[in-house]
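The structure appears right after this line, and notes come after that.
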Amino acid sequence: MSTKQRTRRAAAKVTVKAADELLSLNEMAICIGMPRGWIEELMAWDLLAPVRVNDETWFDAAVISQARRMARLHRQVGVSLDTMALVLELLERIVGLEDEVARLRGKIRLKAEG
């Protein structure tokens, strides 16, 4: 197993104790298993919004799952940063449609039983 693969596996296991915890740029890079420069590119594309404290860049721990999703899309599917926002929007729409289908199926089931 390569060093890169070991880093990614370790990063996937990193947990944050509190959702309101702030992480530094380096900590965020470790958590998602991507280099600092890649996270800086996410910020430049407005895909990841940092919190500014005393002129330093921090990240709310709540965005870790979003950042991991973007890293996974980039690594596994090859989604580039210029199309990432579109892909994320489409994935959200799919989830919304799946939820709507499940809700409608539940209504149909209730009518059939009633």
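Bear in mind these aren't lab numbers, they're just calculated from the coordinates by the rules spelled out. All values reported here derive from a predicted model rather than from experimental measurement. Glycine also receives a Cβ, built like all others from the backbone with ideal geometry; neighbour counts cover every protein chain displayed.
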- Message: Net charge within 11 Å of residue 96 by Cβ-Cβ distance, Lys/Arg positive one each and Asp/Glu negative one each, not counting residue 96 itself?
- Response: -3
- Query: Taking 0.36 nm per intervening residue step and subtracting the Cα-Cα distance, what contour gain separates residue 54 from residue 79 on full extension?
  - Reply: 5.7 nm
- Message: Apply the Karplus curve 6.51 cos²θ - 1.76 cosθ + 1.60, θ = phi - 60°, to the phi angles in the range 92-99 and return the couplings in whole Hz, x for Gly and Pro.
- Response: 5, 5, 4, 4, x, 5, 4, 4
- Karplus-derived 3J(HN,Hα) from phi for the range 36-42 (6.51 cos²θ - 1.76 cosθ + 1.60, θ = phi - 60°), whole Hz, x at Gly and Pro, runs 3, x, 5, 5, 4, 5, 4
- Task: Quickly work out the residue 38-to-residue 107 label distance, labels modelled 7 Å from Cα along the C-beta direction, and quote it in nm with one decimal.
- Result: 4.2 nm
- Where does the charge balance sit around residue 87 when Lys and Arg score +1, Asp and Glu -1, over other residues with C-beta under 13 Å from its C-beta? 0
